[in-house]
Amino acid sequence: MAEHTFVVTGVGMYTPVGARAPATCAALRAGISRVRPWPHFSFGDEPVNVGAVAADGRDASWCEKAVPITRGPIYEALWQAGLYSYDWHGRRVGLYFSTPPRRRTGVLPEFYSDFGAYLGDLWDELAGNDQIYRVEHAHVGGAVALAAACEALATGELDAAVVAGFESALDSPYLDELLAQGRLHTADRSGGIIPGEGAAAFVLETAAGARGRQAAALAQVVAVALEQEAAGWSPSLPSQAGALSRALQTALAVPPGASEYRRLMVDHTGERWRVREWALAEPRALGGLPLGWQLWHPVDCVGDLGAAFVPFAVAWAATEFTRRDAEPGGTIVGAMNDAGERAVLTLMPR
């Protein structure tokens, strides 16, 4: 990423605490939670607590809800970036979309095929092309999508990219699977996943491209680091946090360095292994952060956002940077998935 500077010029969100990015961020700042009992699934006659978007609430696989819920955030991000109508801006804009895996329990092939068709129709309407890149890497998917978008912008393949993500764990067959694995948060199992649902998107451009069309930059993407745990790792095994520590060290070695970052956003889900791994990585990789740095984890407010987490975190950080009373310093975003992939990205205000 040394040859180009990449900036965020628009953001959008649809979460349990807000239908737009400003409302969502204000709710998160205030500590408002919309994690509530979900009537479609229970354990021992007690409903499971989830974060569901207000406008949907359907018990269905993620691929049946992805396009309706993600449409709004993509529109919002393009509008803020000034790229709403492709027929007058004439730029090549690609979509990098992070989703849960198609092999997830409850996803039927015909539903996934319909999802692809609806997504294609949406992007043809918004951008007039079929440049859609789907990424199925769970929590780190947004970071993988971001790295691919940076490459396309650097080589001139695209003029701008929308990086979006969607998650919905609110599907009874999938919740049954989590429950059987002992991974679902219930009344008698506090260390478990708090299922969530939501979408987020942001527009990514080179700084030169944004200046050329006089678009305001909300944040700068400083570094993206991707690492992999050794084969055989699983959430049930003790972790030495090797991959996560390496990703943090790599990202924070890029100027301006660790001392300029004051916030860390992490994709806690409610499972204890994630907390333990971050506790191991902190003394190894975060010792250079200034005193008083803050740890932000939205799971208590919106549930586990899974494949939408990284786009959500970038949109959250960029929105916070634009506040008049915003604290100085940058933001670190960290994400992990069950396959051992680890991602860290760093953002600074513009």
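The values are calculated or read from the model by the stated rules, or taken from the named source; none is laboratory data. All figures in this text were calculated on a predicted structure; none of them were measured in a lab. Here the Cβ positions follow ideal geometry from the backbone for every residue, glycine too, while neighbour counts run over all protein chains shown. The protein model used for the area step is the full one, side chains on, heavy atoms only, and it has no ligands, DNA or RNA in it. Shrake-Rupley method; radii C 1.70, N 1.55, O 1.52, S 1.80 Å.
General observations
- Shape parameters for the stretch 190-345, alpha-carbon atoms, Rg then Dmax in Å: 16.0, 51
- Listed residues 11, 221, 310, most fluctuating in the chain (Gaussian network, C-alpha, under 10 Å): 221
- Dipole axis of the chain (+1 Lys, Arg; -1 Asp, Glu on Cβ), positive-most option in 245, 63, 15: 245
- Note on residue 228 and residue 188: their simple-model spin labels are 4.0 nm apart, each label 7 Å out from Cα toward Cβ.
- The chain, accessible surface, carbon-and-sulfur percent (1.4 angstrom probe): 51 percent
- Under the simplified labelling scheme, the residue 180-residue 40 pair shows an inter-label distance of 1.9 nm, with each label point 7 Å from Cα along Cα→Cβ.
- Over the stretch 162-312, Cα pairs under 8 Å with separation of 6+ residues give a relative contact order of 35 percent.
- The stretch 27-82: C-alpha gyration tensor shape, a/c 1.5 cut-off, then a/b vs b/c: oblate
- Residues of the chain were split at every exposed loop site, defined as GluC sites (Glu not before Pro) in a DSSP loop with at most 15 other C-beta atoms within 10 angstrom, and the longest piece left, sites excluded, is 158-350.
- Hydrodynamic radius by Kirkwood, which averages 1/r over all alpha carbon pairs of the stretch 141-226, in angstrom: 15.8 Å
- The alpha-carbon positions of the stretch 72-212 define a convex hull whose volume is 122 Å³ per residue.
- Summary value for the stretch 24-144: 24 percent relative contact order, contacts being C-alpha pairs under 8 angstrom separated by 6+ residues.
- Calculated accessible area for the stretch 193-283 comes out at 40 Å² per residue, all protein chains present (probe 1.4 Å; ligands, DNA, RNA ignored).
- Over all Cα atoms in the stretch 1-138, the spread is summed up by Rg and Dmax: 17.3, 58 Å.
- Taken about its Cα centre, the chain carries a charge dipole of about 960 debye when Lys and Arg each add +1 at the Cβ and Asp and Glu each add -1 at the Cβ.
- Efficiency of FRET from Cβ geometry, residue 5 and residue 130, R₀ 22 Å, rounded to 0.05: 0.20
- Note on residue 291 and residue 113: the model spin-label points, each 7 Å out from Cα along the C-beta direction, lie 6.3 nm apart.
- Short-range pairs are left out: with C-alpha atoms under 8 Å and at least six residues apart, the relative contact order of the chain is 26 percent.
- 37 Å tail of the calculated P(r), the chain, as % of Cα pairs: 12 percent
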